[in-house]
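Chemist: A single structure is presented below for examination.
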Amino acid sequence: MIDIPIEDLLSRTGSIFKLTILASQRTAQLISGSKPRVEVPRTAKLSVIALTEIAAGKVEFKLRGE
């Protein structure tokens, strides 16, 4: 099991709500066939891969209106 500290995730997004949206969108991309941007075990769930990528700073996002 991969341990991802919530502090690392929140420091990247600034909000639990933004984190939830970003993680769900990245998970959808992975489901659609996008390649993982970090090294993870083959058995890792796609949602865990998305969160690992966010914590590592491999996923960028832009808010509408900014």
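Chemist: Would you please name the residue that is surrounded by the fewest Cβ atoms within 10 Å (Cβ to Cβ), looking only at residues in segment 44-61 that are of a type outside the set (G, A, S) and more than 14 Å from I6 (Cβ to Cβ)?
Modeler: Checked segment 44-61; the qualifying residue surrounded by the fewest Cβ atoms within 10 Å (Cβ to Cβ) is E60.
Chemist: Tell me which residues, restricted to segment 14-24, are over 10 Å from the mean Cα position of the chain (by Cα) and surrounded by 14 or more Cβ atoms within 10 Å (Cβ to Cβ).
Modeler: Scanning segment 14-24 gives a single hit, K18.
Chemist: Go through segment 1-51 residue by residue and tally those that are in contact with a Leu (Cβ under 9 Å, 6 or more places away or on another chain) and not in a helix (DSSP H, G or I).
Modeler: Number of matching residues: 3.
Chemist: Name every residue in segment 25-43 that is surrounded by 12 or more Cβ atoms within 10 Å (Cβ to Cβ), at pLDDT 95 or above and not charged (D, E, K, R), in order of residue number. Break it down into steps so the answer makes sense when it comes.
Modeler: Let us first name the residues in segment 25-43 that are surrounded by 12 or more Cβ atoms within 10 Å (Cβ to Cβ), namely 25-30, 34, 36-38, 40.
Checking which are at pLDDT 95 or above leaves us with 25-30, 34, 36-38.
Selection gives Q25, T27, A28, Q29, L30, S34, P36, V38.
The values are calculated or read from the model by the stated rules, or taken from the named source; none is laboratory data. Worth saying up front: this structure is predicted, and the values here are computed from it rather than measured. Note that each Cβ is placed from the backbone with ideal geometry, even for glycine, and that neighbours are counted across all protein chains shown.
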